Amino acid sequence: MPSSSFAGSFSTPKLNVAIDTGNPFLNVTVDGFLKIGTVAATKSLAEEAYHIVKGGNFSTPKMKHALKKMCKEGAYWGTVAGLYVGMEYGMERVRGTRDWKNAMLGGALTGALISAATNKDKDKIVIDAIAGGAIATASTFINCVI
């Protein structure tokens, strides 16, 4: 019985942009902002392009709205990511060790700070801190398993 097989590999292109501010804390924060901000902006662009094509309306106001949403999403998620990466790095430097606890504390502080900046409800801030810590910790554990 004839059979065939395919052998090969697939690799994704890598693009690293390094901005050296002279401070390691700022370097990781800016790096996190740029990487996640770019992903969020690209996601927003894809969503808006879908809605524009689906609606068949290629007007200038639609394009301006898409650009504004792209910038807003990129800035928001970039800020959250930059803050988290900076907090995690700070925890590593303060504690003198690199483990999952840095992710938990960095996520909790990031969740609390972002929540405090957007609302005044103390219970919501605590819940967001718990969620941030849990998500960051789970992400770290998943990265270790994979």
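For this structure, a couple of remarks:
- The numbered conditions (1) among the acidic types (Asp, Glu); (2) farther than 17 Å from VAL28 by Cβ; (3) surrounded by 13 or more Cβ atoms within 10 Å (Cβ to Cβ) are all true for GLU88 except (2).
- Positions within the range 101-128 being closer than 20 Å to PHE33 by Cα and either among the aliphatic types (A, V, I, L, M) or touching a residue at least 60 places away in the same chain (Cβ under 8 Å) (or both), in sequence order: ALA103, MET104, LEU105, ALA108, LEU109, ALA112, LEU113, ILE114, ALA116, ALA117
- Filtered by the rule that a residue be surrounded by fewer than 18 Cβ atoms within 10 Å (Cβ to Cβ) and closer than 11 Å to TRP77 by Cα, the range 23-34 gives a lone residue, LEU34.
- Which numbered condition THR97 fails, given (1) under 23 Å from ASN27 (Cα atoms); (2) part of a helix (DSSP H, G or I): (2)
- The C-beta contact set for the range 76-100 (first residue at negative phi, second residue in a helix (DSSP H, G or I) and loosely packed, with under 13 Cβ neighbours inside 10 Å, distance under 7 angstrom, 6+ apart or interchain) comprises TRP100/PHE141.
- The range 37-58: number of residues that are part of a helix (DSSP H, G or I) and more than 13 Å from the chain's Cα centre (by Cα): 12
- Residue among LYS69, LYS43, LYS14 that is basic (Lys, Arg), exposed (fewer than 10 other Cβ atoms within 10 Å of the Cβ) and closer than 29 Å to ALA138 by Cβ: LYS14
- Note on the range 35-79: among residues that are polar (S, T, N, Q) and farther than 29 Å from LYS14 by Cα, the one that is modelled with the lowest pLDDT is ASN57.
- Of the residues TRP77, TRP100, the single one that is of a type in the set (Phe, Trp, Tyr), over 17 Å from ALA138 (Cα atoms) and surrounded by 13 or more Cβ atoms within 10 Å (Cβ to Cβ) is TRP77.
- Residue under evaluation ILE52, criteria (1) in contact with a Lys or Arg (Cβ under 7 Å, 6 or more places away or on another chain); (2) within 23 Å of ASP128 (Cβ to Cβ), criterion not met: (2)
The values are calculated or read from the model by the stated rules, or taken from the named source; none is laboratory data. This structure is a prediction, so every number in the text was calculated from the model and none was measured. With ideal geometry, Cβ positions are generated from the backbone for all residues, glycine too; neighbour counts draw on all protein chains shown.
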